[in-house]
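> My questions all concern the structure below.
The values are calculated or read from the model by the stated rules, or taken from the named source; none is laboratory data. Quick caveat, the model's predicted, so the values are computed rather than measured. As a convention, Cβ positions derive from the backbone with ideal geometry for all residues, glycine included, and neighbour counts pool all protein chains shown.
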Amino acid sequence: MRIVVLVLTAALLVGCKATFGPSGDTPEERRDVVLTERDAAVRMIVKGRPEVEETMKTAPGYAFFSNANLHLFLLSSENGYGVITTKDGQNHYVRSLGSGAGIGWGIKEFRAIIIFKTQNALNTFIDEGITPRLNADISAIYEDEGGSISRALSPADHEMYQITESGLALQATFQLSMFWYDDLLNESKASR
């Protein structure tokens, strides 16, 4: 059992860039990486579900997260980074951490977009820095090969979309995620 835990932990630390935050030598480079990943995730989601583009245009804001998730039997954990973008173009850079309980096993790297349907939902998310969700997925992806089936149920005042980048997972969990502002990336930042 210890060997399995060590191997999976090592794979998470080595294979999932979300564990260490965005790459780059300066805050400007790191912000650029986050925004580039955000834009790519939005394009992927809109390509598969064109109606999402209109939802995003009328929404008060949305959040993007790049996360690594490790699930061993009954417990799940995840960490990563992201950005909250408001309708007026303000970007708030964040780090995230989550834990959950449920059945399953796996390790995966994924991207998530959360679209807030109301200003109150966005404000609550920003003020409280926490969001619950029920998550179920089957993933087997390596070097752009394989597939993923994922469904996340979140509160009614926002929509969540996930894209699995890589990993192997079979899990059903109740996940509680929280975030906090990344002081380094929010200092003297310029909106994009």
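> Provide a single number: the residues in segment 40-51 that are part of a helix (DSSP H, G or I) and either among the basic types (Lys, Arg) or surrounded by 12 or more Cβ atoms within 10 Å (Cβ to Cβ) (or both).
At the first step, the residues of segment 40-51 found to be part of a helix (DSSP H, G or I) are 40-48, 51.
Then keep just the ones that are either among the basic types (Lys, Arg) or surrounded by 12 or more Cβ atoms within 10 Å (Cβ to Cβ) (or both); that gives 40-47.
Summing the residues that are part of a helix (DSSP H, G or I) and either among the basic types (Lys, Arg) or surrounded by 12 or more Cβ atoms within 10 Å (Cβ to Cβ) (or both) in segment 40-51 gives 8.
> Counting just the residues of segment 52-84 that are surrounded by 23 or more Cβ atoms within 10 Å (Cβ to Cβ) and of a type in the set (Ser, Thr, Tyr), which one comes out nearest to residue 185 (Cα to Cα)?
Ranking the candidates gives 81 first.
> Next question, about the same structure. Among (1) part of a strand (DSSP E or B); (2) surrounded by fewer than 21 Cβ atoms within 10 Å (Cβ to Cβ); (3) modelled with pLDDT of 75 or more, which single condition is residue 168 missing?
Result: residue 168 passes all but (3).
> Given the criterion at negative phi, buried (at least 22 other Cβ atoms within 10 Å of the Cβ) and of a type outside the set (D, E, K, R), identify the matching residue among 97, 122.
Details: 97 fails: buried (at least 22 other Cβ atoms within 10 Å of the Cβ).
Only one candidate qualifies: 122.
> Can you give me the ranges of the strands (runs of 3 or more DSSP E) entirely in segment 54-154 with at least 2 residues that are at pLDDT below 80, charged (D, E, K, R) and more than 13 Å from the chain's Cα centre (by Cα)?
Values: elements: 61-86, 91-116, 130-142, 145-153.
Of the strands (runs of 3 or more DSSP E) lying wholly inside segment 54-154, those with at least 2 residues that are at pLDDT below 80, charged (D, E, K, R) and more than 13 Å from the chain's Cα centre (by Cα) span 145-153.
> Within segment 177-190, can you find the residues that are modelled with pLDDT under 80 and either among the β-branched types (Val, Ile, Thr) or loosely packed, with under 15 Cβ neighbours inside 10 Å (or both)?
Selection gives 187, 188, 190.
> For residue 36, only one of the following conditions fails: (1) modelled with pLDDT under 95; (2) among the polar types (S, T, N, Q); (3) surrounded by fewer than 21 Cβ atoms within 10 Å (Cβ to Cβ). What is its number?
The number of the failed condition is (1).
> Then there's this: Does any residue of segment 3-25 turn out to be surrounded by fewer than 18 Cβ atoms within 10 Å (Cβ to Cβ), assigned to a helix (DSSP H, G or I) and at pLDDT 90 or above?
no
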